[in-house]
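The values are calculated or read from the model by the stated rules, or taken from the named source; none is laboratory data. Nothing here was measured: the structure is a model prediction, and the numbers come from that model. Cβ: placed from backbone, ideal geometry, glycine included. Neighbour counts: every protein chain shown.
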Amino acid sequence: MARKPKPVYHPPAAQLALFPEVSGNTINGLDETERRRPTPVFWHYGKTDLPHKPLQDYYLRQFDDKPELQDFHLKYGGRGDPRAPAKPEAPATDTPENWTRRIKAHALANEGDLVGIAAIDSDWVFEGYTVDEPWVVVIGVAMDHAELSKAPSIESPVEVMRQYNRGTRAARSVANFIQRQGYNARPHGGPMAGPLLLIPPAIACGLGELGKHGSLINRSYGSSLRLAGVMTDLPLVADAPDIFGADDFCTSCRICSDACPPDAIHGEKQQVRGMRKWYVNFDKCIPYFNDTQGCGICIAVCPWSTPGRAPRMAEKMTARRTRRAGDETTGR
Ligand code: SF4
Ligand code: SF4
């Protein structure tokens, strides 16, 4: 059956006028073949010299007449907890395995829905930032999919902010727990960027795979989730990645790219800072994203995000991967 043509989206002139000469894709390292650290481009409110700052300010101005969003946005913007406990003089001792168990139990008992541990890779640290901690605790919080699916109307970004705040509270709680044991811990949650990208460590520690829409796909919640993190020097044990077939599925699915109003989702993987991966065209996404206070259509329509569907899809895709591996072994 022929696909229904999508209405053409024209970015408003007021936004186009704010675009700098340099493309956001260039800043993000599109078509670069060497590995390098990411460059801040958006969400770094404190940085005043970013070429896309006028566009970021345009996004923030959208909140002026939306009290629903003001109630949530930036509520936990300071990242660190002003009531953070003082560190004891001597750090408590335990094995990395036990600390890992205790940290995960604490995160799950304090608003986290998912938690994993990754050893920090310096290629995840934004240029201009320093991260000396060897570990990041990545926390996932599920979104209410019914609210998310109202994108691009206001209920969807309200839900996004609500969950970013929950993730940040969970990260603060974990950081406070670690500090009480005598170790360093720095929490950070969205929507603003911290010193570190969060999707790559989330993938490294088994919270999901990268989808064509540029977001994480988790085997329980699909893309209906948000991330927060805690960088720490508490000795921990890293989790393994979880490859259950989301990346394979994206190869033959185009639901998100068909649904994206400005056609920002590319059908093939691209080279970005030395890695071949799914990548969303920043310059095409941002105008629509800004005018809808965060859009989110692509993660809402992703079939993995439909409540209850991801575990069944993961099971099927895993079985397919196992069969394929068996066929390769037997030469069929
Ligand atoms: S909608 Fe389809 S192509 Fe897009 S991320 Fe989800 S599974 Fe992948
Ligand atoms: S957030 Fe919206 S505009 Fe951006 S890629 Fe997703 S669907 Fe497209």
| said: With the requirement that a residue be within 16 Å of ligand 1 (Cβ to nearest atom) and on the phi > 0 side of the Ramachandran plot, what does segment 274-307 give you? | reply: C295, G296
| said: All but one of (1) buried (at least 24 other Cβ atoms within 10 Å of the Cβ); (2) within 16 Å of ligand 2 (Cβ to nearest atom) hold for I178; state the number of the condition that does not hold. | reply: (2)
| note | Filter segment 185-208 for residues that are surrounded by fewer than 24 Cβ atoms within 10 Å (Cβ to Cβ) and within 16 Å of ligand 1 (Cβ to nearest atom); the one that is farthest from V158 (Cα to Cα) is I203
| query | Tell me, which strands (runs of 3 or more DSSP E) lie completely within segment 210-290 with 3 or more residues that are crowded, with 18+ Cβ neighbours inside 10 Å and under 17 Å from the mean Cα position of the chain (by Cα)? | reply | 225-232
| remark: So, first residue farther than 21 Å from P40 by Cα and of a type outside the set (G, A, S) in segment 198-214, second residue within 15 Å of ligand 1 (Cβ to nearest atom) and part of a helix (DSSP H, G or I), Cβ within less than 8 Å, six or more apart or across chains; the pairs are E209/I203; E209/A246; E209/D247; K212/C250; K212/C256; K212/S257
| field | Every pair of residues 6+ apart whose Cβ atoms lie under 8 Å, when the first sits in segment 246-257 and is over 16 Å from G208 (Cα atoms) and in contact (Cβ under 8 Å) with a residue 24 or more places away in the chain while the second is within 16 Å of ligand 2 (Cβ to nearest atom) and among the acidic types (D, E) | value | S257/D263
| note | Note on A109: of the conditions (1) surrounded by 15 or more Cβ atoms within 10 Å (Cβ to Cβ); (2) free of Cβ contacts under 8 Å to residues at least 24 places away in the same chain, unmet is (1)
| task | Return the residue satisfying two criteria in turn: it lies in segment 295-310 and is of a type in the set (G, A, S) and buried (at least 20 other Cβ atoms within 10 Å of the Cβ), and of such residues it is nearest to ligand 2 (Cβ to nearest atom). | result | G296
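Per-residue answers, yes or no, for (1) away from ligand 2 (no atom under 16 Å from the Cβ); (2) under 29 Å from E97 (Cβ atoms); (3) touching a Phe, Trp or Tyr at 6+ places or on another chain (Cβ under 6 Å):
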| site | (1), (2), (3) |
| --- | --- |
| H188 | yes, yes, no |
| P191 | no, no, yes |
| P200 | yes, yes, yes |
| C205 | yes, yes, no |
| L210 | no, yes, yes |
| I217 | no, yes, yes |
| S224 | no, no, no |
| D248 | yes, no, no |
| C256 | no, no, no |
| message | L74 - would you say it is under 21 Å from the mean Cα position of the chain (by Cα) and modelled with pLDDT under 80? | response | yes
| said: Regarding segment 51-59, can at least one residue be identified that is at pLDDT 95 or above, surrounded by 14 or more Cβ atoms within 10 Å (Cβ to Cβ) and not in a helix (DSSP H, G or I)? | reply: yes
